[in-house]
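Working notes for the structure below.
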Amino acid sequence: MLISIISANAQENSHFNLFSTEGDWGQSVANYGKYIISVKDRLSSALLYDLEENKRVYRLFLTPHEERNGSTLIYHCNQCNFGSEKYDEQDMFPLLYINQRNPADSIGALITAYRIVPKLDENDSIVSFSMDLIQSIYLPLMTDENCLGNPNMVIDTKKNVFYTYSRNNNRKASNYGKGMISKFKMPSLYKDGSIQEVVRLTDDDILDSFKCDFNMFNAQGGFFRKGKLYFVQGMPSKTPSNNYIYFREINLKKKKQTRVVDMLALGFDKEPEGCWFYNGKVMISVVGKEFYELTSEMFKVK
């Protein structure tokens, strides 16, 4: 497979623009219009941020989820997205979907869907908000064939489908760590007038899938746009084999990776967490309080 791996001298620093230092150490970020929500590990808090005004709106503190599957924390909140469906037609925000890990070895990974309920002042400005768990979606249990380990979802809100980028976590398998892209129909919130509080998907619900020819370790923070999946991957590390930071583009129609940007080689030395598209640019959050714009042509997304 022929792809372009883009890299440059690490001395260059014109590829990234520091947008804000008012983040919240979030694990993932979802955007809707001018707003983003940054959620923390364990879902211990959620920060609503106004990108247009470049300021914090409200930080919601929540009771941290300490549930574990063995030693693995379930509520890691590695990826989040806003969908298209609303709990109520009058709601300001559609449902927020957050990726968690599998609650047990016999159960597939969990996606939790929340209703965002803002409180407005007399000028109709948001002054605070709450989050209500509305739906739990369970993906198929990982196998060597579906490679649905550590899945992260991005949503095509126009076609009402979602894609996962995931990997095989079976160390004994020949495809251990290899990436997989899978397509599912977006579960509806309502069925026959009632809320589907729990949805369990199986392999039969996989509409399409294709393999990636690279490892999917440390992939997190992505978005869907115009038939393509974009996500960031990696972190700086003293261990050479773990020392990488990539921005990847997957063409979902062609079923292949079509762009890789070596961000570490460009001088970016922070672990990316959230990744989204706003005002013509890709933006990312990192371990810390910073938000960045990816400004060079290497990161251009139409």
Query raised in the report: Within segment 159-178, is there a residue that is surrounded by fewer than 22 Cβ atoms within 10 Å (Cβ to Cβ), in contact (Cβ under 8 Å) with a residue 12 or more places away in the chain and more than 17 Å from Lys211 (Cα to Cα)?
Result: yes
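If I ask for residues that are assigned to a loop (DSSP other than H, G, I, E, B), open to solvent by 60 Å² or more (accessible area, probe 1.4 Å) and not charged (D, E, K, R), which ones from segment 183-201 would you list?
Quick first cut of segment 183-201, residues assigned to a loop (DSSP other than H, G, I, E, B) only: 186-189, 192-193, 196-197, 201.
Cutting the leftovers down to open to solvent by 60 Å² or more (accessible area, probe 1.4 Å) gives us 192-193, 197.
Matches in segment 183-201: Gly193 only.
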Requested in this report: For residues that are open to solvent by 10 Å² or more (accessible area, probe 1.4 Å) and of a type outside the set (Asp, Glu), scanning just segment 84-95, find the one that is farthest from the chain's Cα centre (by Cα).
Outcome: Gln90
Report task. Scan segment 267-282 residue by residue and report those that are in contact (Cβ under 8 Å) with a residue 60 or more places away in the chain and either in a strand (DSSP E or B) or of a type in the set (S, T, N, Q) (or both). Result -> Glu273, Gly274, Cys275, Trp276, Phe277, Tyr278, Asn279
Report task. List every residue pair whose Cβ atoms sit under 6 Å apart, with the two residues 6 or more apart in sequence or on different chains, where the first one lies in segment 110-133 and is touching a residue at least 60 places away in the same chain (Cβ under 8 Å) and the second, anywhere, is charged (D, E, K, R). Result -> Val127/Lys119; Val127/Asp121; Ser128/Lys119
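Can you pull out the residues in segment 37-57 that are closer than 14 Å to Met131 by Cα and of a type outside the set (S, T, N, Q)? Break it down into steps so the answer makes sense when it comes.
The first filter runs over segment 37-57 and keeps only residues closer than 14 Å to Met131 by Cα, leaving 37-40, 43-48.
Those that are closer than 14 Å to Met131 by Cα and of a type outside the set (S, T, N, Q): Ile37, Val39, Lys40, Leu43, Ala46, Leu47, Leu48.
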Report summary line: Checked pairs for segment 239-261, first in contact (Cβ under 8 Å) with a residue 12 or more places away in the chain and part of a strand (DSSP E or B), second among the hydrophobic types (A, V, I, L, M, F, W, C) and open to solvent by 60 Å² or more (accessible area, probe 1.4 Å), C-beta under 8 Å and 6 or more apart or across chains, list as Lys256/Met1; Gln257/Met1; Val260/Ile5
**Report entry** Selection from segment 20-47 of residues that are open to solvent by less than 40 Å² (accessible area, probe 1.4 Å), out of contact with any Leu (no Cβ under 8 Å at 6 or more places or on another chain) and not β-branched (Val, Ile, Thr)
**Finding:** Ser20, Gln27, Ser28
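Taking the conditions exactly as written (within 19 Å of the chain's Cα centre (by Cα), over 18 Å from Gly274 (Cα atoms), in a strand (DSSP E or B) and of a type in the set (Gly, Ala, Ser)), does Gly179 satisfy them or not?
Details: within 19 Å of the chain's Cα centre (by Cα): yes; over 18 Å from Gly274 (Cα atoms): yes; in a strand (DSSP E or B): yes; of a type in the set (Gly, Ala, Ser): yes.
Taking the combined requirement at face value, the residue satisfies it.
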Report summary line: Gly193 passes all but one of the listed conditions (1) more than 19 Å from the chain's Cα centre (by Cα); (2) under 29 Å from Ile36 (Cα atoms); the exception is number (2)
Query raised in the report: Yes or no: Arg101 in contact (Cβ under 8 Å) with a residue 12 or more places away in the chain, buried (at least 19 other Cβ atoms within 10 Å of the Cβ), under 28 Å from Ile195 (Cβ atoms) and charged (D, E, K, R)?
Result: yes
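The values are calculated or read from the model by the stated rules, or taken from the named source; none is laboratory data. None of the values given here were measured: they were computed from a predicted structure. Don't worry about glycine lacking a Cβ; one is built from the backbone with ideal geometry, like all the others, and counts go over all protein chains shown. Side chains are part of the model used for accessible areas, which takes the heavy atoms of the whole protein and leaves out ligands, DNA and RNA. Shrake-Rupley method; radii C 1.70, N 1.55, O 1.52, S 1.80 Å.
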